[in-house]
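Data block below; observations after.
The values are calculated or read from the model by the stated rules, or taken from the named source; none is laboratory data. Just so we're clear, the structure is a prediction, and the values are computed from it rather than from any experiment. Every residue, glycine among them, receives a Cβ derived from its backbone with ideal geometry; neighbour counts consider all protein chains shown. The protein model used for the area step is the full one, side chains on, heavy atoms only, and it has no ligands, DNA or RNA in it. Shrake-Rupley method; radii C 1.70, N 1.55, O 1.52, S 1.80 Å.
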Amino acid sequence: MIRCEHICKSFDGKQVLKDISAEFLPGEINMIIGRSGSGKTVLIKCIAGLFNVDGGEIYYGDTLFTSLDFKQRKAIRRDVGMIFQGGALLDSLTVEDNVRFPLDMFTEQSMAEKRERVEFCLRRVNLDGAGKLYPAELSGGMTKRVAIARAIVMNPRYLFCDEPNSGLDPVTSNVIDRLIYDITKEYGITTIVNTHDMNSVMEIGEKIVFINNGCKEWEGSSANLFTADNEALNDFVFASSMAKTVKAASDNGHISGNWNNMR
Amino acid sequence: MGIFNVIGKYVVLMGKVFSRPEHVSVYRRRVLDEMESLGLNSIGIVSLVSVFMGAVLMLQMCINFESPFIPRELMGYATREVMILEFSSTVVALILAGRVGSSIASEIGTMRITEQIDALEIMGVNSASYLILPKIIATMIFFPLLAVLSIIVGLIGGYVITLVTGIVIIDTYIEGLQMDFKIFSVVYALIKMIVYAFIITSISGFYGYYARGNSLEVGRASTKAVVVSSVVILMMDLVITQISYL
């Protein structure tokens, strides 16, 4: 479990995160949603330790992460996997080398063991046979899948996904969502997904934290997302024409239940 | 205030760069890769520049020291000394600051803006050390070899121009090359090149590592890396020259 308490973060005097507290549960897909520029990425990077917070505390389990120094954080980071918006694969390495990279850096495993683990992870994301390709030769969906393989190669306890579906078509997005969901359930990982894609929220979201202008506006389960009494959240959730249409149909009794039941 | 801030950040970054590597064998592999990309791939440009530098030097010496009171052997001697003391190290370092410095700054800068450095940090890798240290070691080993290559090729350039133009007798040129040779001059050139290698790689790495924003910023970082490296190289040339003749 990851717990944030009263997180504040500013850049050049501009406050980007204002007093955010939230709890992210293990074995669940915890989603941070909000409009572009609302502070989602900054929040996930603060939680991951890529940005130092100006105020507040972040706990990984019972460990106060924000009080640890660089070396102490390293130990926790071995348990963290992250999928970045653009994949962030190392351009100079092949797919296989990218996935094997954390094993090379932090384990004393033999080459055969590492190769076996890499093959397993690539198979897990349906990319067996792509090991010799370079990142420049991959499609957007493949890049994200390699990023997932690299993120899980060390058996992480925490998985952070920063807009994992950005730039992908709806079908590929679903594939990525399903992978993240399955991996989270399979290994009981604490997964935090940062997105503004409502399809993803409907597809795999379980616990939702809604951020607006750097403040936490709403927190709850995805089952309550569409019936929440929060104007900013409703504006966000029902921004698309499709959402409006479905809501109108739901209000008129043409479809029953909430959107989450449509999954 | 700005310059002190930059120097402070540079010192802090170097502290991170020279901290203990995570996995020595990975670094060893990276050093070899960097030797190839930053060193071996620079052989062509260094040779090309050096052959012309040597030829031009020899011509200038002959044209400007045209006097019955100056022995003609001194033309070869002066060409050799200038080639060893300044051209093969300082001028070649300026060329390398352009070629290698911009390549390092843009490579690391691109890694920064595409979040590859964040990915390394998340894994718990000391990104500064992983990215910059192998480049520093590789260039500090390889650049002195480039200086030796530059000396040899430069003197060959002088030989060829002498042969082609007949500006002095070829035996006189060779006699000049052998005149009063001090090994210290070569050692001095190699020491300078080692210092320059550190300057080029660390400064370019610094500007790339702290690049922010978009591709325009990477371009700016690359330009700054080349300009600052070149200025610092010339300043250090003065300092080292002064120290060596104390």
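Quick notes on this structure:
- Accessible surface of segment B:191-238, 1.4 Å probe, proportion on carbon and sulfur as whole %: 74
- Choice from B:VAL82, B:VAL227, B:VAL12 showing the highest fluctuation, given a GNM over chain B with Cα pairs closer than 10 Å: B:VAL12
- Cα gyration tensor shape of chain A, rounded if a/c is under 1.5, else prolate or oblate by comparing a/b with b/c: oblate
- With a 10 Å cut-off around each Cβ of B:108-118, the average count of Cβ atoms from other chains is 4.
- Segment B:47-90-segment B:165-227 distance, computed between alpha-carbon centres (Å): 18
- Counting Cα-Cα pairs of segment B:190-246 in 5 Å increments starting at 0 gives whole-percent bin shares of 4, 20, 24, 19, 12, 9, 6, 3, 1, 0.
- Space enclosed by the convex hull of the alpha-carbon atoms of segment A:62-151, per residue, Å³: 120
- For chain B, modelled as a GNM whose springs connect Cα atoms under 10 angstrom apart, the maximal fluctuation among B:PHE181, B:PHE52, B:PHE198 occurs at B:PHE181.
- Note on segment B:40-132: with neighbouring protein chains present and a 1.4 Å probe, carbon and sulfur make up 72 percent of its accessible heavy-atom surface.
- Whole-Å distance, taken between Cα centres, linking segment A:186-220 and segment A:86-120: 29
- Segment B:128-137 - phi-based ³J(HN,Hα) in whole Hz, Karplus 6.51/-1.76/1.60, Gly and Pro as x: 4, 5, 4, 8, 9, 4, x, 5, 5, 4
- Approximate spin-label separation A:ALA248-A:ASN199, in nm, with each point projected 7 Å along Cα-to-Cβ: 2.2
- The long axis of helix B:24-34 is offset from the longest Cα principal axis of chain B by roughly 50 degrees.
- Accessible surface buried at the A:B interface totals approximately 1900 Å², computed with a 1.4 Å probe on protein heavy atoms.
- Sequence-distant contacts, meaning Cα pairs under 8 Å at least 6 residues apart, place the relative contact order of chain A at 26 percent.
- Acute angle (nearest 10 degrees) that the helix A:170-187 long axis makes with the longest principal axis of chain A, alpha-carbon atoms: 70
- For the protein assembly as shown, the mean residue ellipticity at 222 nm estimated from helices alone is -18500 deg cm²/dmol, where every DSSP H run of n ≥ 4 contributes -39500 (n - 2.57) and the total is divided by all residues, rounded to the nearest 500.
- Accessible surface, per residue, of chain A when the full set of protein chains is kept, probe 1.4 Å, Å²: 44
- Relative contact order, percent, segment B:22-244 [alpha-carbon distance under 8 Å, six or more residues apart]: 36
- Inter-chain Cβ neighbour average for residues A:97-105, partner chain, 10 Å: 3
- Amide proton proximity set for A:LEU159, modelled H, under 5 Å, gap of 5+: A:GLY81, A:THR190, A:THR191, A:ILE192
- Accessible surface, per residue, of segment B:22-244 when the full set of protein chains is kept, probe 1.4 Å, Å²: 42
- Most fluctuating residue given options A:LYS114, A:LYS132, A:LYS18, as computed from a GNM of chain A linking Cα atoms under 10 Å: A:LYS132
- Peptide A:37-49 has a mean of 1 when you count, residue by residue, the C-beta atoms of other protein chains within 10 Å of its C-beta.
- Rg/Rh for the protein assembly as shown, where both radii come from Cα atoms and Rh is the Kirkwood radius: 1.13
- Evaluating 6.51 cos²θ - 1.76 cosθ + 1.60 at θ = phi - 60° for every residue in segment A:54-67, the Karplus couplings come out as 7, x, x, 10, 10, 10, 9, x, 9, 8, 7, 5, 5, 8 Hz, glycine and proline recorded as x.
- Checking the Cα-Cα distances for A:LYS114/A:LYS207; A:LYS74/A:LYS185; A:LYS40/A:LYS74; A:LYS71/A:LYS185; A:LYS14/A:LYS74; A:LYS18/B:LYS16 against a 27 Å cut-off, the pairs over it are A:LYS114/A:LYS207; A:LYS71/A:LYS185; A:LYS14/A:LYS74; A:LYS18/B:LYS16.
- The angle between the Cα long axis of helix B:102-113 and the longest principal axis of the Cα atoms of chain B comes to about 10 degrees, rounded to the nearest 10.
- With 30 Å² as the minimum drop in accessible area between chain alone and full protein complex (1.4 Å probe), the qualifying residues in segment A:65-91 are A:PHE70, A:LYS74, A:ARG77, A:PHE84, A:ALA88, A:LEU90, A:ASP91.
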